[in-house]
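Trainee: Got a structure for you, written out below as structure tokens; questions coming shortly.
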Amino acid sequence: MPDVPVLIVGAGPTGLVLALWLTKRGVKVRLIDKVAESGTTSRALAVQVRTLEFYRQLGFAQEVVDRGHNVAALNMWVKGTRVASVTLRMMGEGLSPFDFALIFPQDEHERFLIAQLRALGVEVEREVELIAFADDDNEVRATLRRRDGAQDICTASYLAGCDGARSTTREVLGVGFPGGTYDHLFYVADVEATGPPMNGELHVALDEADFLAVFPLKGEGRGRLIGTVRDGAATESRQLKFEDVQNNAIKNLKINVQRINWFSTYQVHHRVAHGFARGRAFLLGDAAHIHSPVGGQGMNTGIGDAVNLAWKLAAVLQEKSSAILLDSYELERIAFAKRLVATTDRLFAGIINPSALARFVRTKAVPEIVPVLFRLGLVRRFMFRTVSQIGINYRGSPLSSGSAGAVHGGDRLPWVPGSVTGGNFAPLATLQWQVHVYGAPNAALAQFCVARGLGFHQFPWQAGCHEAGFMENSLYLVRPDGYVALADPLASTRKLTEYFEGRAIHAQT
């Protein structure tokens with residue numbers, strides 16, 4: 001027997017969430033990381049709504065919300081003048097239990113996840129590095145190197161590479177990582193400061209030459225500055241300091257920096273691996289895809305990878321579902337990664353483009369148009385669905401079938417507030433397959449589910465069900481990750497049977 005069912009390489013948010021989900025499902029993991037301690041700087045900031053929904057399934061979403069900072073508004077500035085302000089509060093009202101924008105720095109985020117994992121009896125093994133592995137179709141045999149240089153062998157049923165942009169897992173697999181690097185050099189600084197932009201809201205300077213974004217951090221006067229490095233400073237050979245990169249935008253916004261807690265420069269990459277899976281090894285997070293930070297999607301996309309893979313690994317390892325189920329991981333997640341990179345590419349190019357037309361759009365058109373558009377409910381809902389990641393769907397997946405009302409197989413289960421305590425998302429905390437019916441229950445369907453140990457949940461029909469897109473009395477088979485697998489307006493037990501048997505999936509509670 002292998003030493004462990006799943007070896008997870010890399011203990012960033014992606015690896016930690018993968019370990020948490022698997023452990024909650026009773027799958028033993030070994031989690032290693034080559035660094036001596038978790039991150040001490042606030043790299044990724046935004047925790048998107050879909051991530052909070054996953055955390056709700058794990059039972060700690062509200063703790064994350066309480067520890068984070070709710071961003072009330074986005075402000076746009078040109079040459080020191082605030083030209084537009086857009087409220088972000090309740091943008092997704094009625095779409096999710098979490099209808100706001102949340103900032104929770106990655107260093108604090110990682111420490112929180114580590115504590116959650118420790119409470120379940122799992123520790124991160126530090127200064128343990130993956131140096132090679134081999135897959136013999138029955139197990140993965142990984143060679144690990146410890147801090148003292150000693151090597152040992154770990155055998156696992158599966159290996160999950162969550163080891164970042166310079167992934168050893170990806171290199172061993174020989175998977176290409178095509179893409180490129182933007183020419184511009186950027187800086188990031190976590191600061192304590194005074195000035196109009198240090199009010200707990202999000203601020204963006206759209207000046208002609210300089211770009212600056214000010215993200216709020218919890219605590220008075222704390223924030224993160226992200227901006228472009230002037231070409232002259234960028235060409236200097238010495239290591240840059242914050243004093244070297246202060247641009248006109250900082251001065252125009254009257255930001256008085258009193259303390260710098262962290263400063264770094266970086267270049268932005270955009271790459272997607274040729275594949276996310278080879279045999280018994282998988283790539284997740286930055287090991288599989290990296291892109292511009294526009295929209296705060298990177299860390300959240302990696303967490304989405306982790307949840308998608310975790311329930312499938314659990315199904316194969318514990319429920320004895322066919323290993324073919326794992327093939328859907330790459331299919332579902334690589335499609336989204338490619339769309340995301342393409343989208344952030346276009347947005348990022350618009351932000352840094354020096355052309356006269358791009359400057360006009362940034363400084364004149366955007367401040368005029370965006371506030372008007374955000375007053376339209378349809379636009380606000382579209383933007384919320386896009387940025388929050390609740391709009392991600394797997395309609396093209398072989399695991400998705402049928403439609404009933406506006407809900408298709410592959411869609412995220414729409415939220416209906418107040419149908420029961422916690423809404424219709426409450427049963428998702430089981431992390432199990434389940435059937436939902438909105439309206440009158442079909443007695444035969446209920447009996448069928450009970451006899452097969454399949455969760456069955458009936459919700460009274462109400463206006464919110466129709467608004468969410470459900471069809472009364474229809475059947476919605478929901479995957480462990482909260483996505484609809486099968487939508488059937490006839491609520492047929494035969495359809496359920498065909499779904500599971502046709503995919504060799506064994507669902508159990």
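Trainee: If a residue has to be more than 24 Å from Asn75 (Cβ to Cβ) and either at pLDDT 95 or above or crowded, with 17+ Cβ neighbours inside 10 Å (or both) to count, how many in the range 245-268 make the cut?
Mentor: Residues that pass the stated criteria total 1.
Trainee: Please go through the range 386-423 and pick out each residue that is touching a Leu at 6+ places or on another chain (Cβ under 7 Å) and not hydroxyl-bearing (Ser, Thr, Tyr).
Mentor: Result: Ile390, Gly402, Gly409, Trp415.
Trainee: I'd like the full set of residues that are out of contact with any Pro (no Cβ under 7 Å at 6 or more places or on another chain) and of a type in the set (Val, Ile, Thr), limited to the range 1-28.
Mentor: Of everything in the range 1-28, those that are out of contact with any Pro (no Cβ under 7 Å at 6 or more places or on another chain) and of a type in the set (Val, Ile, Thr) turn out to be Val4, Val6, Ile8, Val9, Thr14, Val17, Thr23.
Trainee: Only one of these conditions is not met by Asp66: (1) surrounded by fewer than 21 Cβ atoms within 10 Å (Cβ to Cβ); (2) farther than 27 Å from Glu368 by Cβ; (3) in contact (Cβ under 8 Å) with a residue 12 or more places away in the chain. Which number is it?
Mentor: The one condition Asp66 does not meet is (3).
Trainee: Scanning the range 199-212 for residues that are outside any loop (DSSP other than H, G, I, E, B) and modelled with pLDDT of 90 or more, which turns out nearest to Pro105 (Cα to Cα)?
Mentor: Leu202
Trainee: Still on this structure: Give the residues of the range 23-46 that are modelled with pLDDT under 95 and aliphatic (A, V, I, L, M), sorted by residue number.
Mentor: Selection gives Val35, Ala36, Ala44, Leu45, Ala46.
Trainee: What is the residue count in the range 145-174 for residues that are under 29 Å from Asn300 (Cβ atoms), in contact with a strand residue (DSSP E or B) (Cβ under 7 Å, 6 or more places away or on another chain) and not acidic (Asp, Glu)?
Mentor: The number of residues fulfilling the criteria is 14.
Trainee: From the residues in the range 458-499 that are assigned to a loop (DSSP other than H, G, I, E, B) and of a type in the set (Ser, Thr, Tyr), which one is modelled with the lowest pLDDT?
Mentor: By that ranking, first place goes to Ser492.
Trainee: Return the total of residues in the range 401-433 being in contact with a His (Cβ under 7 Å, 6 or more places away or on another chain) and more than 29 Å from Thr87 (Cβ to Cβ).
Mentor: 1
Trainee: Report yes if some residue within the range 275-297 is closer than 17 Å to Lys338 by Cα, modelled with pLDDT under 85, within 18 Å of the chain's Cα centre (by Cα) and hydrophobic (A, V, I, L, M, F, W, C); otherwise report no.
Mentor: yes
Trainee: Just one of (1) farther than 30 Å from Arg271 by Cβ; (2) under 22 Å from the mean Cα position of the chain (by Cα); (3) surrounded by fewer than 16 Cβ atoms within 10 Å (Cβ to Cβ); (4) not polar (S, T, N, Q) trips up Leu120, so point out which.
Mentor: Failed condition: (2).
Trainee: Keeping to the range 461-484, report how many residues are of a type in the set (A, V, I, L, M, F, W, C), surrounded by 22 or more Cβ atoms within 10 Å (Cβ to Cβ) and more than 24 Å from the chain's Cα centre (by Cα).
Mentor: 2
Trainee: Could you give every pair whose Cβ atoms fall below 6 Å, whose first residue belongs to the range 481-509 and is in contact (Cβ under 8 Å) with a residue 40 or more places away in the chain and under 21 Å from Leu317 (Cα atoms), and whose second residue is part of a helix (DSSP H, G or I) and not charged (D, E, K, R), counting only separations of at least 6 or pairs across chains?
Mentor: Asp481/Val307; Asp481/Trp311; Gly482/Leu428
Trainee: Scan the range 182-200 and report the pairs whose first residue is under 15 Å from Arg82 (Cα atoms) and whose second residue is part of a strand (DSSP E or B), with Cβ atoms within less than 7 Å and a gap of 6+ or a chain change.
Mentor: What qualifies is Gly195/Asn256; Pro197/His203; Pro197/Val214; Met198/Gly223.
Conditions (1) out of contact with any strand residue (DSSP E or B) (no Cβ under 8 Å at 6 or more places or on another chain); (2) more than 21 Å from Gly92 (Cβ to Cβ); (3) basic (Lys, Arg); (4) assigned by TED's automatic domain parsing to the domain that holds Gln57, marked per residue:
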| site | (1), (2), (3), (4) |
| --- | --- |
| Leu413 | no, no, no, no |
| Gly418 | yes, no, no, no |
| Thr430 | no, yes, no, no |
| Val435 | no, yes, no, no |
| Tyr438 | no, no, no, no |
| Ala451 | yes, yes, no, no |
| Phe456 | no, yes, no, no |
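Trainee: Something else now. Considering (1) under 25 Å from Val4 (Cα atoms); (2) loosely packed, with under 14 Cβ neighbours inside 10 Å, say which one Thr181 fails and leave the rest.
Mentor: (1)
Trainee: Where residues in the range 292-312 are aliphatic (A, V, I, L, M) and farther than 17 Å from Gly482 by Cβ, which of them is surrounded by the fewest Cβ atoms within 10 Å (Cβ to Cβ)?
Mentor: Val294
Trainee: Every residue in the range 125-179 that is touching a His at 6+ places or on another chain (Cβ under 6 Å) and outside any loop (DSSP other than H, G, I, E, B), please.
Mentor: Correct list: Gly179 only.
Trainee: Within the range 442-451, how many residues turn out to be modelled with pLDDT under 90 and buried (at least 18 other Cβ atoms within 10 Å of the Cβ)?
Mentor: Residues flagged as modelled with pLDDT under 90 and buried (at least 18 other Cβ atoms within 10 Å of the Cβ) within the range 442-451 amount to 1.
Trainee: Something else about it: Hey, could you check the range 102-134 for residues that are under 21 Å from Lys34 (Cβ atoms) and among the acidic types (Asp, Glu) and say which is modelled with the lowest pLDDT?
Mentor: This residue is Asp107.
Trainee: Does Ala342 fit the bill of being modelled with pLDDT of 90 or more and hydrophobic (A, V, I, L, M, F, W, C)?
Mentor: no
Trainee: Restricting attention to the range 239-285, which residues are part of a helix (DSSP H, G or I) and either touching a Cys at 6+ places or on another chain (Cβ under 8 Å) or more than 26 Å from Gly350 (Cβ to Cβ) (or both)?
Mentor: Phe242, Glu243, Asp244, Gly285
The values are calculated or read from the model by the stated rules, or taken from the named source; none is laboratory data. Treat the numbers as computed from the prediction; the structure is a model and nothing was measured. FYI the Cβ positions are ideal-geometry reconstructions off the backbone, even for glycines, and counts take in every protein chain you see.
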